[in-house]
Amino acid sequence: MQANVTGATGAPASDFTAALYTFLDVLSESMIGRLYEAPASCLSIFRLLPPTARHIVLDMLWYDRELTRVDVALHLTTALSALARLHILTEKSQPHGDPLLVLHDEFRTNLKFALTGGGDRGSFGVPVGEGDMDDGESVDVAALDAYAESQWETILHFMVGSAISGRPSAGVLALLIKSGLMTSSGRSYQITSKGFQFLLEDVNTQLWDLLLEYLEASTDVVEVLGFLFMVGSLELGRAYSTAPLSGSQLNVLRDLCDYGLLYRPSPHSQSFYPTRLATTLTSSAPPLVSSRHADEERGFLIIETNYKVYAYTSNPLQIAVLNLFVSLRSRYPNFVTGQITRDSVKTGLQNGITANQIIAYLTSRAHPQMRKDTGVLPTTVVDQIRLWEKEGERIKTSEGYLYDDFSSTSDFDLVVEYARQLGVLLWELPKMRKMFVTMEGHLQVRDFIKRRMAGAPA
């Protein structure tokens, strides 16, 4: 089987782990080796692995002999693919029999450190005792949560054009432009379609979208990524010393304070605190949610068939987002009313927001009372929003990978069916044996083709 692949750099994946895998996938083996020299990096990547892949690593961690592929069941193919992409497992051929699977030496050593204690290497930071803190520098978890929320919501408020919060730092603004979340004209900034999609994501995914862009601009990707993994492994509410940090790590520390991941009592303080945004970077813990807006996680929007909108919220950010495509009429202490009109939707469309994104936002924030119905949103509202979009004859574009030059129709049909089952097939042209898959599905389809080629008769 043979196929050519045409790639494109794409939008952030909805799952932050997929985006991080894609970033790590392009690092060279030597760069990955440097990354694995720190126990914190090994532990962070171990946390990001699929459950089955974690089992394979743990089985091999204290097992001195290599395994053959036959030793591992066939249903572990996905896990083996993830381990191979991250260079955690490599194959070693032998004269007779199946190739051996070898666990990366640095990864093995430093993951043992991470699981049994990091020793004196300071991979997990150097804690500062209460007695060593300067007066007024000690803070509690509640204050850290408030700081993280304030810093992060300043960025989100700025994206939706809300005047409630201040202006983010110059570094944050530059990253918002570079990542395509906003466009600028002089001192004027405007959210893009990609930026609105960004608002629909959970906090962890939003953070990694920006951090991956930040890594792209770094001069030493491995050092910065290792530092991110380190702060993601620190203990919430505990102070850590800046003394062991290099000059570039101190620069990253200052930048991360702008996003609310780290808190430093003063610009020249010798200590810093990780916030909840940092400690959940590589874990499955829930993202930062303010207790003041916790009820909104269950949904707060009521949409009627006459296009009226009732929002049970006092959150300025959510109100500002609604104002992008809803004509707001009245506001009460914890309640806002508005109406979806042709002009309000057109305004949203002109800002780069698509009809599907508006519908997705309204659906994801729908009140539990509306979820009792099968369609959640009224059909008339959904159809009309799409019709208003079609008036502008907008073209939907999707970024992904083009596969062509298949050696036979049977090979093409097999790969198309595999991509269709995964839900990653965007387009196919059987007569010319061409197919187009999503950015997220490319690696799985590519690995499937490689496995088919490896098993094909010579």
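The values are calculated or read from the model by the stated rules, or taken from the named source; none is laboratory data. Here the structure is a predicted model, which means the values were calculated and not measured. All Cβ positions, even for glycine, are placed from backbone atoms using ideal geometry, and neighbour counts span all protein chains on display. SASA here: full protein model, heavy atoms, side chains in, ligands and nucleic acids out. Shrake-Rupley method; radii C 1.70, N 1.55, O 1.52, S 1.80 Å.
Within the chain, the longest run free of exposed loop sites, counting chymotrypsin sites (Phe, Trp or Tyr not before Pro) that sit outside DSSP helix and strand states (H, G, I, E, B) and have at most 12 other Cβ atoms within 10 Å, spans 64-458. A 1.4 Å probe, protein heavy atoms only, puts the accessible area of HIS367 near 60 Å².
Taking a sphere under 12 Å around the Cβ of PHE46 and counting the other residues whose Cβ falls inside, with K and R at +1 and D and E at -1, yields a net charge of +4.
Check every DSSP H run in the chain and write down those whose alpha carbon atoms cover 18 angstrom or more along the long axis and whose mean Kyte-Doolittle hydropathy is -1.0 or greater. What comes out of the filter, once short or polar helices are dropped, is 141-159, 203-216, 247-259, 409-422, 442-455. Pairs of lysines in the chain whose Cα atoms sit within less than 28 Å of one another amount to 20, provided the residues are eight or more positions apart or on different chains.
Here's the picture: a label point sits 7 Å out from the Cα of TYR312 along the beta-carbon direction, and within the range 347-385 the residues with their amide nitrogen under 15 Å of it are 365-373.
Could you compute how much accessible surface GLU235 exposes when probed at 1.4 Å, giving the result in Å² to the nearest 10? About 100 Å², rounded to the nearest 10. For the chain, which whole percent of the accessible surface, found with a 1.4 angstrom probe, sits on carbon and sulfur atoms? Roughly 51 percent, rounded to a whole number.
For LEU207, what charge total do you get from the other residues with a beta carbon under 12 Å from its beta carbon, if Lys and Arg give +1 and Asp and Glu give -1? Don't skip to the answer; put the middle values down first.
Working: positive: ARG276; negative: GLU201, ASP202, ASP209, GLU213.
Result for the local shell: -3.
Among (1) 39, 27, 25; (2) 51, 31, 19; (3) 39, 35, 18, only one was calculated for this model; which label is it, if the read-out is semi-axes √(5λ) of the Cα gyration tensor in Å? After the calculation, the listed value that fits is (3). Surface analysis of the chain yields an accessible area of 49 Å² per residue, using protein heavy atoms and a 1.4 Å probe.
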